[in-house]
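Note sheet for the following structure.
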């Protein structure tokens, strides 16, 4: 059997950087993979997503795609050839979708809003000098149009489909087969060669250490030399700290009062399984 693989594997915009960094510190001689796709179709979709981006020719190829391609080449789709330790974070689906919507705003969604606010959006995304600042009224109009596009056009089932394709399809793990222990906030699934740890992002700072200790227990990995597992804050890819932070905050304020946004989240299988109705709408 090939050497064990430690992989942080989840849909994008769920916040894997800090947990992957913690695992890399704990296992300094191992490569800790961060992937969003391991299925053949998922990897091909990821490559198409990257090639669609205007910055692709001049930017570093994403590590998560490099890891996906490397693992596909190594195993050829036969993931039973090694022991897999898979850590998967879950985030409230509505919050994840809002973050992903903004990450891809300049690629896809800017073209879906009216021409007047499209021009404002370009100024927000490319602003470098104070003279290019966007006023509050313009920002509000732009946020209104973006909320409408998100509610009307953003795909609703991406998170549910990801679990079907990238967890059940790749590892045979059906995370929906039994109730998720919300009070404990983490769960371990074992199937075949895979041992999968599921954690809610909202609880990760509280449960990371006991959850990962339980996940690695009895594997032999826990005896490897390295510093203790410890989580540090990692928010480098958070929309709240990017150039469009003011727009993002206004967008979140406006969508928070939209009943159709809450209804969208309530229809999600991921939301119903991992979160109570109160938690999903908070």
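Miscellaneous remarks
- Computed over the chain: relative contact order in percent, which uses C-alpha pairs under 8 Å that are six or more apart: 25
- Nearest 10 degrees, 0 to 90: helix 40-52 Cα axis against the chain principal axis: 30
- The Rg/Rh ratio of the range 119-230, with Rg taken over Cα atoms and Rh as the Kirkwood radius over Cα pairs, comes to 1.18.
- Inter-label distance, nm, simple model (7 Å from Cα along the C-beta direction), residue 51/residue 213: 4.8
- Computed lengthening from residue 126 to residue 31, 0.36 nm per intervening residue step minus Cα-Cα distance: 30.6 nm
- Length added when fully stretched, residue 74-residue 246, from 0.36 nm per residue minus Cα-Cα: 57.6 nm
- Rounded FRET efficiency, nearest 0.05, which uses the C-beta distance separating residue 156 from residue 262 and R0 of 22 Å: 0.95
- Each of 29, 212 has some number of other Cβ atoms within 10 Å of its Cβ, and from fewest to most they run 29, 212.
- Counting only alpha carbon atoms, the long axis of helix 204-216 and the longest principal axis of the chain meet at about 30°.
- Tilt relative to the chain, helix 136-153 - C-alpha long axis, 0 to 90 degrees, to 10: 50
- Beta bridges by DSSP in the chain, antiparallel share as percent, to the nearest 5: 25
- Relative contact order of the range 134-220, defined on C-alpha pairs under 8 angstrom at six or more residues apart (%): 15
- Stokes-Einstein diffusion coefficient of the range 164-218, Kirkwood radius over Cα pairs, 4 °C, 1.567 mPa s, in µm²/s: 109
- FRET efficiency for the residue 225 to residue 4 pair, using the beta carbon distance and R₀ = 22 Å, is estimated at 0.90.
- With R₀ fixed at 22 Å, the C-beta to C-beta distance from residue 95 to residue 183 puts the FRET efficiency at about 0.60.
Each reported figure results from applying straightforward, stated rules to the coordinates on display, with no laboratory input. Keep in mind it's a predicted model, so treat the numbers as computed, not measured. Every residue, glycine as well, gets a Cβ built from its backbone with ideal geometry; the counts of neighbours run over all protein chains shown.
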